[in-house]
Amino acid sequence: MASLPSLLLISFLFSNFASTPLAYSLQGYTSKPDVTGIVPKKTMNVIDSCWRTKSNWAANRKALADCAVGFGKAAVGGKYGVIYVVTSPYDDPVDPKPGTLRYGVIQTTPLWIIFSRDMVIKLKNELIVNSFKTIDGRGAKVEIAYGPCITIQGVTNVIIHGISIHDCKPGMAGMVRSSPTHVGKRGGCDGDAISIFASSNIWIDHCYLARSRDGLIDVIHASTSVTISNNYFSQHDKVMLLGHSDGFTADKVMKVTIVFNRFGEGLIERMPRVRIGYAHVANNRYDEWKMYAIGGSANPTILSEGNYFVAPDNHSSKQVTKREASNWKNWRWQSSKDVFMNGAYFVPSGYGSCAPLYTRVQSFSTAPGYMVPSLTSNAGPLRCFVGKPC
Ligand SMILES: *[C@@H]1O[C@H](CO)[C@@H](O)[C@H](O)[C@H]1NC(C)=O
C-alpha cells in the first residue's frame with residue numbers, strides 16, 4: 001500500500017454545470033394511480049432512495065455500500081478501505097501502473113475506486129478483480145469496452161456501480177496479474193461483460209451492459225449472494241446465465257436477486273437463464289425479447305415477482321418462460337404480481353413456496369408490477385454532479 005497515498009491526494013474538479021434538481025417522491029411504494037389512472041412519474045426504488053437524494057454523495061461515497069437489497073446485501077466492496085483514484089485509461093495486464101484501474105483492482109487491501117475524469121478503458125486482457133473492491137463510476141462517464149472485460153473469480157465483496165461495459169471481446173491466452181504478488185497464465189476468456197465465478201457477496205448496480213461476445217453477466221461455479229440491480233441491458237443475445245452447466249451440482253448454493261433492471265431493446269434470451277440454484281426476479285422492466293425472457297434447465301427455483309413484461313409482436317414468442325428439458329412439471333417456477341402486456345404470459349410449474357426466504361436485512365417489499373416503469377426509469381449509469389443529488 002505504500003505507493004497508494006500519493007494517488008489519494010490527487011484532487012480533481014468535476015464539471016459542475018447546473019443540473020435541474022429532481023423532485024422525487026419518497027413515498028416508497030404507497031403511490032397508487034390517481035383518479036385519472038396516471039402513476040406519479042418518479043418513484044425512487046428502495047436502493048436509490050437510500051442514497052440518491054443526498055447532495056453530499058461525493059464526500060460520502062461509501063454510504064452506497066449500505067444500500068443493496070436481496071442476496072447481495074452483505075457486499076461491502078471497498079467500504080473499509082481508502083479511496084483510490086483512476087487517472088489513466090492505460091492498461092498493462094502484467095505490470096499495471098499506479099493510477100490505472102487494473103492497479104487498483106488487484107490490490108489485496110480494500111479500496112473504493114473512483115475516476116478523475118471521463119474515460120474509455122480498452123483492456124488488453126481480462127480485468128481480474130480482487131476481494132473488497134468497489135468500482136464507483138459516479139461523477140464520470142466510464143466505459144470498459146472494445147477489449148476483454150471483467151472477471152470476478154474466487155473472491156468476495158465486490159461492488160460495481162455506475163459504469164458502462166459494452167462491446168466486450170474474448171481475451172487471449174496469456175499472463176494476467178491478479179494480485180501484487182501473483183501473475184498467472186490465463187487460458188483466455190469468452191468475452192463476457194462481467195463473469196462471476198466461484199465468488200460471493202457481489203453487487204452490480206446502475207451499469208449499462210450491451211453487445212458483448214459471450215454473456216453480459218454470468219454467475220457460475222457455485223457463486224452466491226449476488227444482487228444485480230438498476231442495470232440497463234440492450235442489444236445482446238445471451239443476456240444472463242446463472243449456473244454453470246446442468247451437471248454442476250455445486251450451483252445448488254447459488255442465490256441471486258435480479259431487481260429494478262431494465263431489459264431494453266434488442267435482447268434475445270436469458271433474462272436470466274437459471275440452472276439448479278435460486279433466482280428472485282423482481283420489479284424488472286422487459287421491453288421485448290426475441291425468444292424468451294426467463295428460462296432454465298436442471299430444476300432451478302424461480303420467483304418472478306412484480307415484473308413488467310412487454311411481449312414482442314411475434315405471435316410465436318409471447319411466452320415469458322422457457323424450459324430446456326421435457327420433464328419440468330415439478331420445477332418450482334412461480335409468478336406473483338407480474339404485469340403482462342402485449343400478450344405476454346408466464347407458465348408456472350411445481351408446488352410449494354418459491355419465496356426467497358431473505359434475512360431481515362436482505363428483505364425488501366416488492367412493488368406491484370404497474371409501478372415498474374417508474375421504479376426503473378433511471379436504470380443504467382446516473383449523471384451525478386458534485387453537490388447535487390444524483
Ligand atoms: C418468431 O418467433 C419464433 C420463435 O421464437 C422464431 O422461430 C421466428 O423466427 C420469429 N419470427 C420472426 C419474424 O422474428
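Just a few scattered comments:
- One residue stands out in region 268-302 among those that are free of Cβ contacts under 8 Å to residues at least 40 places away in the same chain and more than 22 Å from F71 (Cβ to Cβ): the one that is farthest from the ligand (Cβ to nearest atom), namely D287.
- Summed over region 92-136, the residues that are under 22 Å from S199 (Cβ atoms), surrounded by 17 or more Cβ atoms within 10 Å (Cβ to Cβ) and not aliphatic (A, V, I, L, M) give a count of 16.
- Residue under evaluation E324, criteria (1) over 16 Å from F260 (Cα atoms); (2) of a type in the set (D, E); (3) away from the ligand (no atom under 15 Å from the Cβ), criterion not met: (3)
- Filter result for H206 (modelled with pLDDT under 95 and within 28 Å of Y146 (Cβ to Cβ)): no
- Residues in region 164-189 that are in contact (Cβ under 8 Å) with a residue 40 or more places away in the chain and at positive phi were compared, and the one that is surrounded by the fewest Cβ atoms within 10 Å (Cβ to Cβ) is G174.
- The lone criterion from (1) under 19 Å from the mean Cα position of the chain (by Cα); (2) over 15 Å from V372 (Cβ atoms); (3) within 15 Å of the ligand (Cβ to nearest atom) left unmet by M254 is number (3).
Residues are listed down the side, and each one gets a yes or a no for (1) surrounded by 18 or more Cβ atoms within 10 Å (Cβ to Cβ); (2) within 26 Å of the chain's Cα centre (by Cα); (3) within 14 Å of the ligand (Cβ to nearest atom); (4) of a type outside the set (D, E):
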{"site": "S304", "(1), (2), (3), (4)": "yes, yes, no, yes"}
{"site": "F309", "(1), (2), (3), (4)": "yes, yes, no, yes"}
{"site": "N314", "(1), (2), (3), (4)": "no, no, yes, yes"}
{"site": "Q319", "(1), (2), (3), (4)": "yes, yes, yes, yes"}
{"site": "N330", "(1), (2), (3), (4)": "no, no, no, yes"}
{"site": "K337", "(1), (2), (3), (4)": "no, yes, no, yes"}
{"site": "S349", "(1), (2), (3), (4)": "no, no, no, yes"}
{"site": "P356", "(1), (2), (3), (4)": "yes, yes, no, yes"}
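The values are calculated or read from the model by the stated rules, or taken from the named source; none is laboratory data. Only a predicted model underlies this, so the values are computations on that prediction, with no experimental measurement involved. Glycine also receives a Cβ, built like all others from the backbone with ideal geometry; neighbour counts cover every protein chain displayed.
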